[in-house]
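Undergrad: Below is a structure I'd like to ask you about.
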Amino acid sequence: MIVLLSEGAEALLDVWTDTVGYTYHLYCNELSPSDVINRTSFVEATFPGYKPQPAKGWTNAATVEGCTSSSADPILWSCAADTDPQDVWGYFVTMGLTGPLLFWEPRDTGPVRIAAKGDPVELFPRLTCRQDFSPC
């Protein structure tokens, strides 16, 4: 077991956010954390105006009450025209546009429907580390 101290977590997150080109993608199929997941598991969104977005503007990592985190600028996708409905179930992150799958997260509130011009999906990228298994 690795014990990561706050200073180490801050340094690690700063390196990750400075050197790894995180690209956020939306997916439109229902998946479970118990599924065996790889890059081909995801059906990527295709609504008009959609494209994967890089995370930008990462903050320097800081530790507050045992939770070390770094946040990026919000990412907003907006449907550019009326379309056949698509349900966005969550996002996945790759290294660069086509690199390996790094991590993914389903929406805890269920899917968001995209069908009309202007329908939005907003994401607030945040990476966290803790010394225990409690959520940040």
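Only the coordinates and a few stated rules stand behind these numbers; no lab work does. The structure displayed is predicted, hence computed values, not measured ones. Reconstructed Cβ throughout: ideal geometry from the backbone, glycine too, with neighbour counts over all protein chains shown.
Undergrad: Compute the long axis of helix 6-19 from its Cα atoms, compare it with the longest principal axis of the Cα atoms of the chain, and write down the angle in degrees, 0 to 90, nearest 10.
TA: 40 degrees
Undergrad: Across the stretch 43-56, in residue order, what do the Karplus-derived ³J(HN,Hα) couplings come to in whole Hz, using 6.51 cos²θ - 1.76 cosθ + 1.60 with θ = phi - 60° and x for Gly and Pro?
TA: 9, 6, 4, 9, 5, x, x, 6, 7, x, 10, x, 7, 10
Undergrad: Within 10 Å of each residue's Cβ, count the other Cβ atoms and sort I75, I37 from fewest upward.
TA: Result, fewest neighbours first: I37, I75.
Undergrad: Mind ordering 90-96, 22-28, 63-69 by average Cβ neighbours within 10 Å, highest first?
TA: With the highest mean Cβ count within 10 Å placed first, the list reads 22-28, 90-96, 63-69.
Undergrad: Add +1 for every Lys or Arg and -1 for every Asp or Glu among the other residues with Cβ under 11 Å from the Cβ of G110, and state the total.
TA: Summing Lys/Arg as +1 and Asp/Glu as -1 gives -1.
Undergrad: Still on this structure, please answer the following. Hey, rough spin-label estimate for V15 and S41, points 7 angstrom out along Cα→Cβ, what's it come to in nanometres?
TA: 2.7 nm
Undergrad: Run the simple label-point estimate for A115 and L5 please: 7 Å along Cα→C-beta, distance reported in nm.
TA: So the label points at A115 and L5 sit 5.6 nm apart.
Undergrad: Which length gain, in nm to one decimal place, applies between R126 and A62 when the Cα-Cα distance is subtracted from 0.36 nm times their residue separation?
TA: 21.9 nm
Undergrad: For a protection proxy built on the mean count of beta-carbon atoms within 10 angstrom, sort 46-57, 101-112 highest first, please.
TA: Put in order of decreasing packing, that is 46-57, 101-112.
Undergrad: Which of rounded, prolate or oblate describes the stretch 55-111 when judged by the alpha-carbon gyration tensor and an a/c cut-off of 1.5?
TA: Prolate.
Undergrad: Right, next: Calculate the length of the line joining the C-alpha centroid of the stretch 1-40 to that of the stretch 51-95, in whole Å.
TA: After rounding, the separation between the Cα centres reads 12 Å.
Undergrad: Okay, moving on. What residues qualify as long-range amide H neighbours of Y91, i.e. H under 5 Å apart, gap of 5 or more or another chain, H built at 1.01 Å from N?
TA: Y27, E105, R107
Undergrad: Using the reciprocal of the averaged 1/r over all distinct C-alpha pairs, how large is the Kirkwood radius of the chain in Å?
TA: Kirkwood hydrodynamic radius for the chain: 16.1 Å.
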